[in-house]
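*Asks:* First the structure, then my questions, so here it is.
The values are calculated or read from the model by the stated rules, or taken from the named source; none is laboratory data. Here the structure is a predicted model, which is why all the values come from computation and not from measurement. Counting neighbours? That spans all protein chains shown, and the Cβs are built from the backbone with ideal geometry, glycine included.
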Amino acid sequence: MTKALLGLIFALLLWGLGSYGLYEPHEGHFAGVAFEMVTRGDWITPHLNGAPYLNKPPLLYWMIASCDVALGFNEWSARLPLALIGFGGVALVWHWARRLWGVRAGRCAAVMLSVTAGWFLFSHQLLIDLLLSTLYLLDLYLLWRAVLQPASRSRWAAFYATAGIMVMAKGLVGLLFPLAALAVFALWRRDGRFVGRCYPLMGLCIVLAICGPWVALLEYRNPGALHYMLVNEHFKRIVDMRLPKDYSVVKVSVWGYLLVAAVWLMPWGLLAWQVARFCRKGAAGSATSLLACGRLTPGAPPPTTSPGGEGDRGMADAVLLLAIGALLPIVIFLPMPSRLIYYSLPAIGPFAVLAAGWWSGADSVEAATGRIQAAMSFMLCGAAILSAAFWAPGLLRRAPQLIGAHEMPHLVAVLALLLGSALLLGGFFLAVRKTVLALAVLFALLGAAEIQSVRGFRLCSKVLSSKRLVEHLRAKAGPDCVWISEGSRELGASASLSYYLGQDAQGNARTVRVMKDSPLRPPPQFPGPEPSFYLDAQGLNTLWRGGQPALFVTDVYRTDWKTDPPSLPEPEGERHEIPLPWLGLRKVYANNEAWKRVAGRSALGFGH
């Protein structure tokens, strides 16, 4: 049964990966860098749009590029690594929960993580944070294993090696999380000598051995790169002074960060109170915690080992580490002004293991109060979501960002029906002590909602991806046409254009010219010479009138054309808007030479 369940989850996480275009700017950025790694043959210096791009370490780029080599350049191969990483997280929570509380808890953990909102969403979007989240969960597990046998050098070496890999994924944040977990664990256990017994010098050597060669080669080829990544991408980001600024849509207030974290944990975030009580008792190794998870019946002596054979103290250490792991991504980023909506994702994996531990014993008599409270929370939330099926579509029809995605309101109504029904039915069966049936219903309906959400990805990609735009105009404009991006606060929008433009006759990645003089859309300023693809207003107008076909694409994230008008090519008489109604708020303009090639109602494909 477990193999069938994991197979079903595997299929769910891979569902629809290649069915929608790359979103801008984040997916265009990661896929674009990997694309150029392969076409340039340079796996040391990340390049984007033909120039060095030094924002992130290379691990995710390497993974995507490897899939590109094996499977070709397409959305499926670009997103496959993160979907596999997401499944790896599912397998890990299944294994850890099973070791702690038995087969039933392992299955609960796998189901819970697979249908957690944030886990599924970010297994279908190109961002580093799911990779970091899975590595973080793995490092917590390896730390627990090392704590069980603190004299084992090999277990500590595995812990530090994973921390080094986390640095290659996300930079110093990858080192901060495991070291903070280690320090908090030692403080909680009041063991001042614990840190000295965890082979810190060996750990430093392992991390340097993993990260050092790439860092040294990158700095050698790009002098100043290390300073840029440390100062601009780490220290300045902490105080929200990084340049360019992050998009306002991904930055949130303190309360917004907590709210978004709760959304990513849905629906299991509704069990926060029950999980907190479970952790408080479980971290102390009390008999009450064993009753709560169904490992001990009233009047029976407590077992001496967990199902994995680690002993009651080992289970208490695991619960403590999991609780620390779930809290750290919230506590660390909460006071930082640069908190982004996806920074809380690493909390999902540890929380899923703990929630599975509570759920696996929720049908016991001793857990009755918590079970009823959880059931009421599920049903109340389900009723609220179900009501959204009737009022949310009307609001979405007036949202300017969804112009071009007309089917979205209907899809939202379907999702609300599925999600609301899942919570109502799941809460009901939980209340009557049918916990297995409750979880099965939740998995089925939430899984159906996730499959429907892939349709939502496809609808939104019409507006937030350049795929359809490039496919529609590339052949008509010709290979000699110059594509110009108004730009954004990152180069991801132009990267998406260049990704879909593909390779030139020599096999090199096509590049897109990018405006550099908009105060609202400043491009990154990496060390080294300025990229040749940048344009100022004077250069734009000279190119526009130079006799070569050119297309100008505005920012996909502009929502207000009155207060934020674009700096369009001049003169106006040589600027022709290409009427593509499915573009949403973005617009495309052609100069005279390009207009001659793409003009005409039939050529533009109106009405399709």
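*Asks:* Go through region 293-337 and count every residue that is modelled with pLDDT of 50 or more, assigned to a loop (DSSP other than H, G, I, E, B) and of a type outside the set (Asp, Glu). Spell out the reasoning first.
*Replies:* Of all residues in region 293-337, those modelled with pLDDT of 50 or more come to 305-337.
Filter again for assigned to a loop (DSSP other than H, G, I, E, B), leaving 305-311, 334-337.
Now restrict to residues that are of a type outside the set (Asp, Glu): 305-309, 311, 334-337.
Summing the residues that are modelled with pLDDT of 50 or more, assigned to a loop (DSSP other than H, G, I, E, B) and of a type outside the set (Asp, Glu) in region 293-337 gives 10.
*Asks:* TYR160: over 28 Å from LEU243 (Cβ atoms), in contact with a Lys or Arg (Cβ under 8 Å, 6 or more places away or on another chain) and surrounded by 13 or more Cβ atoms within 10 Å (Cβ to Cβ), yes or no? Let's see the steps before the verdict.
*Replies:* Details: over 28 Å from LEU243 (Cβ atoms): yes; in contact with a Lys or Arg (Cβ under 8 Å, 6 or more places away or on another chain): no; surrounded by 13 or more Cβ atoms within 10 Å (Cβ to Cβ): yes.
For TYR160, the condition - over 28 Å from LEU243 (Cβ atoms), in contact with a Lys or Arg (Cβ under 8 Å, 6 or more places away or on another chain) and surrounded by 13 or more Cβ atoms within 10 Å (Cβ to Cβ) - is not met.
*Asks:* Residues in region 409-419: is at least one out of contact with any His (no Cβ under 7 Å at 6 or more places or on another chain), more than 18 Å from LEU395 (Cα to Cα) and either at pLDDT 95 or above or not in a helix (DSSP H, G or I) (or both)? Before the answer, list the steps.
*Replies:* First, the residues of region 409-419 that are out of contact with any His (no Cβ under 7 Å at 6 or more places or on another chain): 409-419.
Imposing the further condition that a residue be more than 18 Å from LEU395 (Cα to Cα) reduces the set to 418-419.
From what is left, the residues that are either at pLDDT 95 or above or not in a helix (DSSP H, G or I) (or both) are 418-419.
Yes, region 409-419 has at least one match.
*Asks:* Can you list residue pairs whose Cβ atoms sit under 9 Å apart, with the first residue in region 40-66 being closer than 13 Å to LEU491 by Cα and without any contact (Cβ under 8 Å) to a residue 12 or more places away in the chain and the second being assigned to a helix (DSSP H, G or I) and of a type in the set (Ser, Thr, Tyr)? Count only pairs 6 or more apart in sequence or on different chains.
*Replies:* Close Cβ pairs (under 9 Å, with a partner that is assigned to a helix (DSSP H, G or I) and of a type in the set (Ser, Thr, Tyr)) do not exist here.
*Asks:* Pick from GLU490, GLU471, GLU450: which is under 30 Å from ALA537 (Cβ atoms) and in a helix (DSSP H, G or I)?
*Replies:* Numbers: GLU490 fails: in a helix (DSSP H, G or I); GLU450 fails: under 30 Å from ALA537 (Cβ atoms).
Answer to the selection: GLU471.
*Asks:* Would you point out the residue of region 252-265, among those that are assigned to a loop (DSSP other than H, G, I, E, B) and in contact (Cβ under 8 Å) with a residue 40 or more places away in the chain, that is surrounded by the most Cβ atoms within 10 Å (Cβ to Cβ)?
*Replies:* Residues of region 252-265 assigned to a loop (DSSP other than H, G, I, E, B): 252-253, 265.
In the following step, the residues that additionally are in contact (Cβ under 8 Å) with a residue 40 or more places away in the chain were identified as 252, 265.
Numbers: VAL252: 18, LEU265: 26.
Step by step, filter region 252-265, then rank; the result is LEU265.
*Asks:* Next up: So which of SER387, SER377 ends up being crowded, with 20+ Cβ neighbours inside 10 Å, among the polar types (S, T, N, Q) and part of a helix (DSSP H, G or I)?
*Replies:* Values: SER387 fails: crowded, with 20+ Cβ neighbours inside 10 Å.
Among SER387, SER377, only SER377 is crowded, with 20+ Cβ neighbours inside 10 Å, among the polar types (S, T, N, Q) and part of a helix (DSSP H, G or I).
*Asks:* Do any residues in region 405-433 that are closer than 19 Å to GLY361 by Cα have Cβ atoms under 6 Å from those of residues that are among the small types (Gly, Ala, Ser), where the two are at least six apart or on different chains, and which pairs are they?
*Replies:* Short answer, once both residue conditions are applied: GLY426/ALA438; GLY427/ALA375; PHE429/ALA438; LEU430/ALA375; LEU430/ALA438; ALA431/ALA375.
*Asks:* How many residues does region 470-517 contain that are under 16 Å from ALA31 (Cβ atoms) and of a type outside the set (S, T, N, Q)?
*Replies:* 15
*Asks:* Taking the condition within 21 Å of TYR534 (Cβ to Cβ), in contact (Cβ under 8 Å) with a residue 60 or more places away in the chain and touching an Asp or Glu at 6+ places or on another chain (Cβ under 8 Å), does PRO25 pass?
*Replies:* yes
*Asks:* For LEU423, which of the numbered conditions (1) of a type in the set (A, V, I, L, M, F, W, C); (2) buried (at least 19 other Cβ atoms within 10 Å of the Cβ); (3) over 30 Å from GLN274 (Cα atoms); (4) in contact with a Pro (Cβ under 7 Å, 6 or more places away or on another chain) fails to hold?
*Replies:* Failed condition: (3).
*Asks:* Can I ask one more? Return yes when ASP536 is in contact with a strand residue (DSSP E or B) (Cβ under 9 Å, 6 or more places away or on another chain), over 23 Å from HIS472 (Cβ atoms), charged (D, E, K, R) and free of Cβ contacts under 8 Å to residues at least 24 places away in the same chain and no when it is not. Full working, then the answer.
*Replies:* Working: in contact with a strand residue (DSSP E or B) (Cβ under 9 Å, 6 or more places away or on another chain): yes; over 23 Å from HIS472 (Cβ atoms): yes; charged (D, E, K, R): yes; free of Cβ contacts under 8 Å to residues at least 24 places away in the same chain: yes.
In short, yes.
*Asks:* Working only within region 493-522, note down all residues that are part of a loop (DSSP other than H, G, I, E, B), of a type outside the set (A, V, I, L, M, F, W, C) and farther than 26 Å from VAL250 by Cβ.
*Replies:* Let us first name the residues in region 493-522 that are part of a loop (DSSP other than H, G, I, E, B), namely 502, 504-508, 510-512, 516-522.
Okay, now just the ones that are also of a type outside the set (A, V, I, L, M, F, W, C), so 502, 504, 506-508, 510-511, 516-519, 521-522.
Hits for region 493-522 are GLY502, ASP504, GLN506, GLY507, ASN508, ARG510, THR511.
*Asks:* OK, next. I need every pair where a residue in region 544-559 that is part of a strand (DSSP E or B) has its Cβ under 6 Å from the Cβ of a residue that is polar (S, T, N, Q) and surrounded by 18 or more Cβ atoms within 10 Å (Cβ to Cβ), sequence separation at least 6 or different chains.
*Replies:* Close Cβ pairs (under 6 Å, with a partner that is polar (S, T, N, Q) and surrounded by 18 or more Cβ atoms within 10 Å (Cβ to Cβ)) amount to ALA550/ASN591; VAL553/SER485.
*Asks:* Right, here's the next one. For region 85-95, how many residues are within 18 Å of LEU132 (Cβ to Cβ) and either aromatic (Phe, Trp, Tyr) or in contact (Cβ under 8 Å) with a residue 60 or more places away in the chain (or both)?
*Replies:* Quick first cut of region 85-95, residues within 18 Å of LEU132 (Cβ to Cβ) only: 85-93.
Those left that are additionally either aromatic (Phe, Trp, Tyr) or in contact (Cβ under 8 Å) with a residue 60 or more places away in the chain (or both): 86-87, 89-93.
The qualifying residues number 7.
*Asks:* Right, another one. Would you check which residues across region 187-203 are of a type outside the set (Lys, Arg) and under 14 Å from TRP156 (Cβ atoms) and list them?
*Replies:* Within region 187-203, the subset of a type outside the set (Lys, Arg) is 187-188, 191-192, 194-196, 198-203.
Passing the criteria: PHE194, VAL195, GLY196, CYS198, TYR199, PRO200, LEU201, MET202, GLY203.
*Asks:* Out of ARG40, ARG79, I need the residue that is among the charged types (D, E, K, R), touching a His at 6+ places or on another chain (Cβ under 9 Å) and closer than 30 Å to SER532 by Cβ. Which one? Before the answer, list the steps.
*Replies:* Values: ARG79 fails: closer than 30 Å to SER532 by Cβ.
None of the others qualify; the one that does is ARG40.
*Asks:* Among the listed residues LEU113, LEU126, LEU121, LEU84, which satisfies the condition of being within 22 Å of VAL260 (Cα to Cα), surrounded by fewer than 21 Cβ atoms within 10 Å (Cβ to Cβ) and under 20 Å from the mean Cα position of the chain (by Cα)? Reasoning before the result, please.
*Replies:* Details: LEU113 fails: surrounded by fewer than 21 Cβ atoms within 10 Å (Cβ to Cβ); LEU126 fails: surrounded by fewer than 21 Cβ atoms within 10 Å (Cβ to Cβ); LEU84 fails: within 22 Å of VAL260 (Cα to Cα).
Criteria check complete, one pass: LEU121.
*Asks:* Output yes when any residue across region 142-149 is free of Cβ contacts under 8 Å to residues at least 60 places away in the same chain and assigned to a loop (DSSP other than H, G, I, E, B), and no when none is. Steps first, answer last, please.
*Replies:* Going through region 142-149, the residues free of Cβ contacts under 8 Å to residues at least 60 places away in the same chain turn out to be 142, 145-146, 149.
Those left that are additionally assigned to a loop (DSSP other than H, G, I, E, B): 149.
Yes; the residues of region 142-149 include at least one that is free of Cβ contacts under 8 Å to residues at least 60 places away in the same chain and assigned to a loop (DSSP other than H, G, I, E, B).
*Asks:* Next up: I'd like to know if region 353-366 contains one or more residues that are outside any helix (DSSP H, G or I), in contact (Cβ under 8 Å) with a residue 24 or more places away in the chain, out of contact with any strand residue (DSSP E or B) (no Cβ under 7 Å at 6 or more places or on another chain) and surrounded by fewer than 22 Cβ atoms within 10 Å (Cβ to Cβ).
*Replies:* As a first pass, look at region 353-366 and keep what is outside any helix (DSSP H, G or I): 360-364.
Applying the additional criterion that residues be in contact (Cβ under 8 Å) with a residue 24 or more places away in the chain yields 360-364.
Restricting the remaining residues to those that are out of contact with any strand residue (DSSP E or B) (no Cβ under 7 Å at 6 or more places or on another chain) gives 360-364.
From what is left, the residues that are surrounded by fewer than 22 Cβ atoms within 10 Å (Cβ to Cβ) are 363-364.
Looking for residues that are outside any helix (DSSP H, G or I), in contact (Cβ under 8 Å) with a residue 24 or more places away in the chain, out of contact with any strand residue (DSSP E or B) (no Cβ under 7 Å at 6 or more places or on another chain) and surrounded by fewer than 22 Cβ atoms within 10 Å (Cβ to Cβ), one finds at least one in region 353-366, hence yes.
*Asks:* Consider LEU520 carefully, then state whether it is under 17 Å from GLY32 (Cβ atoms) and within 30 Å of the chain's Cα centre (by Cα). Please lay out each step first, then the result.
*Replies:* Working: under 17 Å from GLY32 (Cβ atoms): no; within 30 Å of the chain's Cα centre (by Cα): yes.
No, not satisfied.
*Asks:* Could you tell me whether TYR534 is among the hydroxyl-bearing types (Ser, Thr, Tyr), crowded, with 20+ Cβ neighbours inside 10 Å and either within 25 Å of HIS29 (Cβ to Cβ) or touching a Leu at 6+ places or on another chain (Cβ under 6 Å) (or both)? Quick ask: steps written out before the conclusion?
*Replies:* Working: among the hydroxyl-bearing types (Ser, Thr, Tyr): yes; crowded, with 20+ Cβ neighbours inside 10 Å: no; either within 25 Å of HIS29 (Cβ to Cβ) or touching a Leu at 6+ places or on another chain (Cβ under 6 Å) (or both): yes.
Answer is no for this residue.
*Asks:* Go through the residues of region 25-35 one by one and say whether even a single one is more than 23 Å from TRP483 (Cα to Cα) and surrounded by 21 or more Cβ atoms within 10 Å (Cβ to Cβ). Spell out the reasoning first.
*Replies:* If we filter region 25-35 for residues that are more than 23 Å from TRP483 (Cα to Cα), which is where we start, we get none.
No, every residue in region 25-35 fails to be more than 23 Å from TRP483 (Cα to Cα) and surrounded by 21 or more Cβ atoms within 10 Å (Cβ to Cβ).
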